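Working notes, structure below.
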Amino acid sequence: MSKPKSLFEKVWERHIVEEEGADKPAVLYIDLHLVHEVTSPQAFSELDARGLKVRRPDRTFATLDHSIPTLAPDADGNRPYVTAQAKKQVETLEANAAKNGLRLFGYDAENRGVVHVIGPEMGLTQPGFTVVCGDSHTSTHGAFGCIAFGIGTSEVGHVLATQCLAQRKPKTMRINITGALQPGVTGKDVALTVINTLGFSGGTGYALEYAGPVIEALDMEGRMTVCNLSIEAGARCGMIAPDQKTVEWLRGREYVPQGAAFDEAAAQWLTLKSDDGAVFDKEITIDGSAIEPMATWGTSPDQGAPIVRGVPVAANEDEERALKYMGFTGGEAREVEKVDVVFIGSCTNGRMADLRAAAAIMKGRKVAPGVRALIVPGSEWVRVEAEKEGLHNIFLEAGAEWRLPGCSMCIAMNGDFVLPGQLAVSTSNRNFEGRQGPGSRTVLASPATAAASAIAGHVADPRQFMQLESA
Amino acid sequence: MSNQEPVNSFSSRIVVLPEANIDTDQIIPARFLTTTTKAGLGKVAFNDWRYTADGSNKPHILNEIDPTEHRVLVAGNNLGCGSSREHAPWALMDYGFKAVISTEIADIFKSNSLKNGLLPVVVSPDIHDKLTQNPQQRVTIDLESCTLTLEDGTTVTFQVEAFARQCLLEGVDAMGWLLKRLPEIEAYEKTNGKAA
């Protein structure tokens, strides 16, 4: 009998080119390298300086998402870049991709979009893969049973040049989420609860595996949201075992094997799940039945609480400082938080399921006076599908803006930003001070909560706008 | 990223930013990431802490000290959380820092720092207190022995991943180290059905 292995161990072991030792890290093979305009230019320069080309252009795919405008070009086709520098950055990636023979999902590509939305969408992301990108939310791809993590620009260069990384094996932690979610509770609420439980650095040094009936019941979009936020607890990556839902979600997508080869691959994917008796360095259990719609109240993603419980009273100096920045006193109900901006989109919550959840609440309703609501699809595919379903009309009729795909107001480097002092309810991933623009204040929440807050004009529990079946 | 100057022992005064959870968006806000080089980011290090919207100086310690005299940043717990942007260590180094000290340093930021010769030093809360209580002090950091010596003579050891330490001490180039393994990488690809 061989020793029972975890999902992480199975995938890790299959990618070891050279074992790690006391004085050297493992050489880890990377199946899929995703590249975007912001963290790649200096890595390509390094290759140039050494006279190297990208070693495996067939495993390297590039997109434009962070710096690009989400407004349409003018009549002459000029795109409204925030600065000439942003335009230059995009052109730099276009040139680097051309020089190295990389597939770039550029402006006119029907597959362009936020890197962590398009990878799974095209089936580039496949169970059992190692996936890296110069972006900390690469953990998203873990929803498919991948070891997927963010890297810095030096390491982007390493992968471009060798398709490998020098890595130490992280510890493993399984997070079991028991019970069943209450109606109106989503993957984002699960993720914010997990981060709140672990704390901002509770996952540091760990690869997380999310498991249990709540995770099994989540759709793939919800699982991606949960894995996406692993880094916000400090974890290097987060994973979920592939199951039949994973297989059916991927079937027929552009880059997965087709026909009989797909079923063969799928049979392999289903063997990746953690064996019974697999040992983790740490295990924790969270009661999923007790999770409620969550919203952050501070300036770190772990500073969240169920909306119905209001803003907590500060327990220490860090929390006091966070409340002060947010303009909250502590102890007040969330309804007193007047909202200026609502942002629905990003690699965390910019997929079809997210837009459908927001549209279900906005349908036939109006965005409250004084609230600016920005809806940004995660990809061209999402934009087109949403328009086929008429979701854009629901948003537009409610008084929201409907944009072109991109990271947009999540990272606020493309000209979409929250003004100083304004309060934004965002479906994105970080509520750091000034993250959405200098002086901006961010409340992180699910698409349903963001939509409900847009309608109510204050941070609102979405269940008041839902026709909930009795559980 | 390329061959770097070996890092070994140095002494410098510290500068203390006591805030916990200083994320990489604080170290360098995202709107400065449209650059295509690494150069000159020191002037926007902690931009929104140091400057008002119109670009004038706020009263902030990083605007008041001489960076050439203060090579060691002592920060609150969980330094460098958030985004994987390597621009954060680039900005800190261009400002003048050679080491950062905290009770906890986030994974990716630590990895990025080591690759650029910015030494991440994790210390106990007791040592951190001794540093913050005497924020004018001069410390000595020695990578060979992995020791930090405070002005009062207290010496503690710190951990640095063995390979990263070797790269820093000897100026070993991590990309070159991987490139030397191309035969093994090709063999792995062939055995595992991953050849081009």
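The values are calculated or read from the model by the stated rules, or taken from the named source; none is laboratory data. What you see is a predicted model; the values in this text were computed from it and never measured. Note that each Cβ is placed from the backbone with ideal geometry, even for glycine, and that neighbours are counted across all protein chains shown. Protein only, heavy atoms only, side chains kept; ligands, DNA and RNA dropped before computing areas. Shrake-Rupley method; radii C 1.70, N 1.55, O 1.52, S 1.80 Å.
Summary table
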| item | result |
| --- | --- |
| Yes/no for B:Leu148 being open to solvent by less than 10 Å² (accessible area, probe 1.4 Å), modelled with pLDDT of 95 or more, assigned to a strand (DSSP E or B) and farther than 18 Å from B:Ile22 by Cβ | yes |
| Condition check for A:Asp275: out of contact with any helix residue (DSSP H, G or I) (no Cβ under 6 Å at 6 or more places or on another chain), of a type in the set (Asp, Glu) and in a helix (DSSP H, G or I) | no |
| B:Ser9, sole failed condition from (1) under 15 Å from the mean Cα position of the chain (by Cα); (2) away from every other protein chain (no Cβ under 12 Å); (3) at pLDDT below 95 | (1) |
| Residue ID - nearest to B:Pro29 (Cα to Cα), chosen from residues in segment B:88-99 that are open to solvent by less than 10 Å² (accessible area, probe 1.4 Å) and out of contact with any helix residue (DSSP H, G or I) (no Cβ under 6 Å at 6 or more places or on another chain) | B:Leu92 |
| Verdict on A:Gly434 being part of a loop (DSSP other than H, G, I, E, B) and either within 10 Å of chain B (Cβ to nearest Cβ) or open to solvent by 10 Å² or more (accessible area, probe 1.4 Å) (or both) | yes |
| Extreme residue, most open to solvent (accessible area, probe 1.4 Å), among residues of segment A:294-325 that are away from every other protein chain (no Cβ under 14 Å) and touching a residue at least 40 places away in the same chain (Cβ under 8 Å) | A:Val308 |
| Qualifying residue in segment A:326-336 (condition: open to solvent by 10 Å² or more (accessible area, probe 1.4 Å), of a type in the set (Lys, Arg), touching a residue at least 40 places away in the same chain (Cβ under 8 Å) and not assigned by TED's automatic domain parsing to the domain that holds A:Gly234) | no |
| Tally, over segment A:201-214, of residues that are in contact with a Lys or Arg (Cβ under 7 Å, 6 or more places away or on another chain) and crowded, with 24+ Cβ neighbours inside 10 Å | 3 |
| Count of segment A:52-68 residues which are closer than 15 Å to A:Gly119 by Cβ and more than 9 Å from chain B (Cβ to nearest Cβ) | 6 |
| Enumeration of residues in segment A:233-286 that are within 14 Å of chain B (Cβ to nearest Cβ) and open to solvent by 30 Å² or more (accessible area, probe 1.4 Å) | A:Arg236, A:Pro257, A:Ala261, A:Glu264, A:Gln268 |
| Single unsatisfied condition, A:Ile361 versus (1) closer than 30 Å to A:Gly202 by Cα; (2) of a type in the set (Val, Ile, Thr); (3) touching a residue at least 40 places away in the same chain (Cβ under 8 Å) | (1) |
| Of all residues making up segment A:356-386, the number that are surrounded by 24 or more Cβ atoms within 10 Å (Cβ to Cβ), under 15 Å from A:Met220 (Cβ atoms) and not small (Gly, Ala, Ser) | 1 |
| Tally, over segment A:23-51, of residues that are open to solvent by 50 Å² or more (accessible area, probe 1.4 Å), facing chain B (nearest Cβ under 10 Å) and outside any strand (DSSP E or B) | 4 |
| Residue in segment B:100-109 that is surrounded by 15 or more Cβ atoms within 10 Å (Cβ to Cβ), facing another protein chain (nearest Cβ under 7 Å), among the acidic types (Asp, Glu) and more than 30 Å from A:Leu52 (Cα to Cα) present | yes |
| Scope segment A:105-130; condition away from chain B (no Cβ under 14 Å) and either over 24 Å from the mean Cα position of the chain (by Cα) or surrounded by 20 or more Cβ atoms within 10 Å (Cβ to Cβ) (or both); matching residues | A:Phe105, A:Arg112, A:Gly113, A:Val114, A:Val117, A:Ile118, A:Gly119, A:Pro120, A:Glu121, A:Leu124, A:Thr125, A:Pro127 |
| Test: A:Lys88 is of a type in the set (D, E, K, R) and within 9 Å of chain B (Cβ to nearest Cβ) | yes |
| Restricting segment A:439-471 to residues that are at pLDDT 95 or above and part of a loop (DSSP other than H, G, I, E, B), the residue that is nearest to B:Val44 (Cα to Cα) | A:Gly439 |
| Residues of segment A:404-420 satisfying the condition of being in contact with a Ser or Thr (Cβ under 6 Å, 6 or more places away or on another chain) and surrounded by fewer than 21 Cβ atoms within 10 Å (Cβ to Cβ) | A:Leu404 |
| Top-ranked residue in segment A:1-22 [being part of a loop (DSSP other than H, G, I, E, B) and closer than 21 Å to B:Trp177 by Cβ; ranked as most open to solvent (accessible area, probe 1.4 Å)] | A:Glu19 |
| Hits in segment B:41-80 (condition: open to solvent by 50 Å² or more (accessible area, probe 1.4 Å), within 12 Å of chain A (Cβ to nearest Cβ) and among the aliphatic types (A, V, I, L, M)) | B:Ala53 |
| Close pairs (8 angstrom Cβ cut-off, 6 or more residues apart or separate chains): within 9 Å of chain B (Cβ to nearest Cβ) in segment A:10-22, open to solvent by less than 70 Å² (accessible area, probe 1.4 Å) and aromatic (Phe, Trp, Tyr) anywhere | A:His15/A:Tyr29; A:Ile16/A:Tyr29; A:Val17/A:Tyr29; A:Val17/B:Tyr188 |
| Residue check for B:Ala20: closer than 17 Å to A:Thr39 by Cβ and touching an Asp or Glu at 6+ places or on another chain (Cβ under 8 Å) | no |
| Enumeration of residues in segment B:18-36 that are surrounded by 21 or more Cβ atoms within 10 Å (Cβ to Cβ) and more than 8 Å from every other protein chain (Cβ to nearest Cβ) | B:Ile22, B:Thr24, B:Ile27, B:Ile28 |
